[in-house]
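Engineer: The structure's right below; bear with me while I get my questions together.
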Amino acid sequence: MIPMHAHQDALRLFLERGLGIEIGPAQFMGWARPDGIVASVGFNNWQPDAGVIEMHAYASRRDWLSKDRLRELFSYPFGQLGVRMCVARISERNDTARRVWRALGASESVIPELRGPDEAEVVYTLHRDQWSSGKFMR
């Protein structure tokens, strides 16, 4: 897969359409195959004083994510920006994304009905120490 981080507008559109939400001001990373974008990750709500940034991701296929891509992905907030913590808000129904965040070693908080009357939202926080000591950095 080909990194296409410079194509911010296309990555925004792919992510927003895939998630069905507006992201607002953000920085995007993404990967594509010859037939189009496969995955986009948006970083927004950067709070420099708190050292926290929020992440959103959407992929049209599961095979885009690898150990190397995870390292590249998290090198932006933890390496370049120097954040202390990454935050992700995920539907309780998104088992794939939840499995990934658990594998990263992130802390999980389930908030009932935050997405609506019958849907909880799961908030994941990944501290830089959890990331740097996790299995993906070995």
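The values are calculated or read from the model by the stated rules, or taken from the named source; none is laboratory data. Everything numeric here is computed off the predicted structure, so don't read it as measured data. In this analysis, Cβ positions are derived from the backbone assuming ideal geometry, glycine residues included, and neighbour counts consider all displayed protein chains. These area figures cover heavy atoms from the full protein model, side chains too; ligands, DNA and RNA do not enter into them. Shrake-Rupley method; radii C 1.70, N 1.55, O 1.52, S 1.80 Å.
Engineer: Rounded to the nearest percent, how much of the accessible area of the chain (1.4 Å probe, protein heavy atoms only) is carbon and sulfur?
Structural biologist: Of all accessible area on the chain, carbon and sulfur atoms account for 49 percent.
Engineer: Shifting gears a bit: Which trypsin sites (Lys or Arg not before Pro) in region 1-75 pass both tests, a DSSP loop state and at most 11 other beta-carbon atoms within 10 Å?
Structural biologist: Filter output for region 1-75: Arg61.
Engineer: Cα atoms only: what Rg and Dmax, in Å, come out for region 1-44?
Structural biologist: Expressed in Å, the Cα Rg and Dmax of region 1-44 come to 9.6, 28.
Engineer: Additional query: So what's Rg/Rh here for the chain, counting alpha carbon atoms and using the Kirkwood radius for Rh?
Structural biologist: Reported Rg/Rh (Cα atoms, Kirkwood Rh): 0.94.
Engineer: Please work out how much length the chain gains when fully extended from Ala103 to Met137, using 0.36 nm per residue of separation minus the C-alpha to C-alpha distance, in nm with one decimal.
Structural biologist: 11.0 nm
Engineer: Averaging sequence separations of C-alpha pairs under 8 Å and six or more residues apart, then dividing by the length of region 1-100, give the relative contact order as a whole percent.
Structural biologist: Here the relative contact order equals 22 percent.
Engineer: Run the quick spin-label model on Asn45 and Ser91: label points 7 Å from Cα toward the beta carbon, then report their separation in nm to one decimal.
Structural biologist: For Asn45 paired with Ser91, the spin-label model returns 1.8 nm.
Engineer: Can you tell which of Gly79, Gly105, Gly36 shows the greatest fluctuation in a Gaussian network model of the chain with Cα springs below 10 Å?
Structural biologist: Highest fluctuation among the options: Gly36.
Engineer: For region 1-85, what is the charge dipole size about the Cα centre, in debye to the nearest 20, if Lys and Arg each add +1 at the Cβ and Asp and Glu each add -1 at the Cβ?
Structural biologist: Dipole size: approximately 280 debye.
Engineer: Show Ile21, Ile37, Ile2 ordered by accessible area, largest first, where the area counts protein heavy atoms only and the probe is 1.4 Å.
Structural biologist: Heavy-atom accessible area, descending, gives Ile2, Ile21, Ile37.
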